[in-house]
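Q: First, the structure itself, so that you have it in front of you.
The values are calculated or read from the model by the stated rules, or taken from the named source; none is laboratory data. Treat the numbers as computed from the prediction; the structure is a model and nothing was measured. Note that we place each Cβ from the backbone using ideal geometry, even for glycine, and neighbour counts take in every protein chain shown. Areas reflect the complete protein model, heavy atoms only, side chains present, ligands, DNA and RNA absent. Shrake-Rupley method; radii C 1.70, N 1.55, O 1.52, S 1.80 Å.
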Amino acid sequence: METFLIRALQLILSLSLLVIIHEGGHFFFARLFKIRVEKFYIFFDPWFSLFKYKPKNSDTEYGVGWLPLGGYCKISGMIDESMDTEQMKLPPQDWEFRSKPAWQRLLVMIGGVLMNFLLALFIYSMILYKWGDSYIALKDMSYGMKFNETAQKIGFQDGDILKSADGEPLERFNMDMLRSMVEAKEVTVIRNGEEKTILMPELSLLDVAKEDPIFVATFCPNVIDSVLPEGAFAKAGIQKGDSLLAVNGTSLNSWNSFMEELGKIRTQAELKEQTSASFNLVYSRAGVRDTVEITTNDKFVVGAIAAMPSYPVTTLSYGFFESFPAGVTLGVNTLKGYVNDMKYVFTKEGAKSVGGFAAIGSIFPKVWDWQRFWEMTAFLSIILAFMNILPIPALDGGHVLFLLYEIVARRKPSDKFLEYAQMVGMFLLFALLILANFNDVLRFLF
């Protein structure tokens, strides 16, 4: 329950900030061009609001709605989510959106997206300034990588050290590395001190990312670092420093291999409705081999931790002014990766992977971590900017599309057309919202 509350609080705080900044972008340009803003709300307020306040001599009512699905800035003289069509039947006024030149209306509509993108760049810059950038370089991972069956069929071998993809250096272990490998025509690795080139077939990042075991993981030696006193390994006599050699006759070359075999054993036990499992383990201690029988606990845990390789950490520090170009580069690369991955959303498997509020909340850490919080907020700001600029009616991008049409064609779409387009767009958005949260429910249940 505590984990849920911490994640929920982080999600609400992050989304509230992003909504304020986004709607603030619309508000800023509207007021800059002397367009009246009737409402500025965090979250939606159908039927009632949690809080509202209208300053004296102000045209704008500020408030907090009860429906946490975003927010809105109600601008006079335009068809938006408020669907105030009665106002559009009245003669245009000088302070209305529809009375302003197309270029001013265009800036008003892209103001939210612009502010979200700039916010992401600023947050990334401040993260680099405050915490720097620490990572373990792939070239320093002397044990190399552990590859699953799919990767090994392509030509990778356990222990390969990743060097480059299509000539571009692979620097760190993350999703960008995996994306570069999947989309490359060839990947270069260091194997036994020599460079080897592996020709890559056509792969789907979505298919590769969901494989279990994963396509590529950091290689962890099959040496025990510590054993829990009352765990299954301790009861069988396994000690720190022992090397795991085989499970039920299957040879092991790493802790990764052991965890894969343990996963298979667990799956077989669960099919038989068993709450624990037993297996034969061959291990070595000071060069002497022995075999023991291991019986897991009721959660299929053996109670041991492997000896993780000790690799040097690369740390990049940034001064205040140095952090801004680095933050811009990080933000742009994040946007490029997200845009590139969007093509998978339109596949059958991609549709299943779409997540709602539960999925978004799960990306935040279980304990409060300001660095992680700001990293996730910046990432969500990038997503919000990109999603809102898509040319879908009811989104900012839909309004931008119609304004660009007006600029090129030199005539406005009719109010009736905009009204119908807004309704269609809202229907699509609500359908997507229902799909995303329905997927969350299915993941929770199954």
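Q: What shape does the range 304-343 have by the C-alpha gyration tensor, where a ≥ b ≥ c are the square roots of the eigenvalues, rounded means a/c under 1.5, and otherwise prolate means a/b greater than b/c and oblate the rest?
A: Oblate shape, in that a/c is at least 1.5 and b/c is the bigger or equal ratio.
Q: A further question follows. Using the crude model of +1 on Lys and Arg Cβ and -1 on Asp and Glu Cβ, and no other charge, please compute the dipole size for the range 150-256 relative to its Cα centre, in debye to 20.
A: On the way: 10 positive and 17 negative charges, 62 e Å.
So the magnitude is around 300 debye.
Q: Also, I was wondering about something else. FRET efficiency for Trp95 and Gln152, Cβ-Cβ distance as r, R0 = 45 Å, nearest 0.05? Spell out each step's value before the answer.
A: Numbers: r = 67 Å, r/R0 = 1.49.
The computed FRET efficiency comes out at 0.10.
Q: All other residues with a Cβ under 14 Å from the Cβ of Gly237 taken together, and with Lys, Arg as +1 and Asp, Glu as -1, what is their net charge?
A: Once positives and negatives cancel, what remains is 0.
Q: For Met342 and Glu270, calculate 0.36 nm times their separation in residues minus their Cα-Cα distance, and state this gained length in nm to one decimal.
A: Working: separation 72, 0.36 × 72 = 25.92 nm, distance 3.58 nm.
Gain on extension, Met342 to Glu270, equals 22.3 nm.
Q: Work out how much length Asp225 to Trp370 would gain on full extension: take 0.36 nm times their residue separation and subtract the Cα-Cα distance, in nm to one decimal.
A: 49.1 nm
Q: Testing the spin-label approximation: label points 7 Å from Cα along Cα→Cβ at Ala137 and Thr329. State their distance in nm.
A: 1.4 nm
Q: Follow-up question, since we're still on this one. Set Lys and Arg Cβ to +1 and Asp and Glu Cβ to -1, take the dipole of the range 230-330 about its Cα centre, and tell me which of Leu281, Thr295, Leu271 lies farthest positive.
A: Leu281
Q: Run the dipole for the chain about the Cα centre, Lys and Arg Cβ at +1, Asp and Glu Cβ at -1, nothing else charged, and hand back the magnitude in debye, nearest 20.
A: 1000 debye
Q: Return one whole number: the accessible area per residue of the chain in Å², for a 1.4 Å probe.
A: With the other protein chains kept in place, the chain gives 56 Å² per residue.
Q: Right, here's the next one. Using R₀ = 60 Å, calculate the FRET efficiency as 1/(1 + (r/R₀)^6) where r is the Cβ-Cβ separation of Ser284 and Ser58; round to 0.05. Write down the numbers at each step before the final one.
A: On the way: r = 78 Å, r/R0 = 1.29.
With a Förster radius of 60 Å, E is 0.20.
Q: Further question on the same structure: State the label only: which of (1) 92, 48, 42; (2) 68, 49, 41; (3) 84, 60, 38 corresponds to Cα extents along the principal axes in Å computed from the shown model?
A: Structure-derived value, by its label: (1).
Q: Now, a different point. What is the extension gain from Trp66 to Phe4, computed as 0.36 nm multiplied by their sequence separation minus the C-alpha to C-alpha distance, in nm to one decimal?
A: 20.3 nm
Q: Hey, in the GNM for the chain with a 10 angstrom Cα cutoff, which one of Ser76, Ser16, Ser278 fluctuates hardest?
A: In the Gaussian network model the winner is Ser278.
Q: Residue farthest toward the positive end of the dipole of the chain, with Cβ of Lys/Arg at +1 and Asp/Glu at -1: which of Ile238, Trp370, Tyr143?
A: Trp370
Q: Hey, can you list the DSSP H helices of the chain whose Cα span along the axis is 18 Å or longer and whose average Kyte-Doolittle score is at least 0.0? Please report the intermediate quantities before stating the final value.
A: On the way: long enough: 2-32 (44 Å, 1.24); 102-131 (43 Å, 1.40); 255-271 (24 Å, -0.59); 323-341 (27 Å, 0.22); 370-389 (28 Å, 0.93); 396-409 (19 Å, 1.19); 415-445 (45 Å, 1.14).
Those that pass (Cα extent of 18 Å or more, hydropathy at least 0.0) are 2-32, 102-131, 323-341, 370-389, 396-409, 415-445.
Q: Along each principal axis of its Cα atoms, how long is the range 132-255 end to end? Whole angstroms, biggest number first, please.
A: 49, 37, 29
Q: How much mean residue ellipticity at 222 nm does the chain get from its helices, if each DSSP H run of length 4 or more adds -39500 (n - 2.57) and you divide by all residues, to the nearest 500 deg cm²/dmol?
A: Mean residue ellipticity, 222 nm, calculated: -15000 deg cm²/dmol.
Q: Which of Glu419, Glu168, Glu375 moves the most in a Gaussian network model of the chain with Cα springs under 10 Å?
A: Judging by the Gaussian network model, the answer is Glu168.
Q: While we're looking at this one, here's another question. Taking R0 as 22 Å, what FRET efficiency do you get between Lys235 and Ser310 from their Cβ-Cβ distance, rounded to the nearest 0.05? List each step's numbers first, then the result.
A: On the way: r = 29 Å, r/R0 = 1.32.
E between Lys235 and Ser310, to the nearest 0.05, is 0.15.
Q: Shifting gears a bit: Quick one: how many lysine pairs in the range 169-290 have C-alpha atoms under 30 angstrom apart, if they're 8 or more apart or on different chains?
A: 9
Q: Same structure, new question: Could you please report the charge total around Ala151, scoring K, R as +1 and D, E as -1 over all other residues with beta-carbon less than 11 angstrom from its beta-carbon?
A: -2
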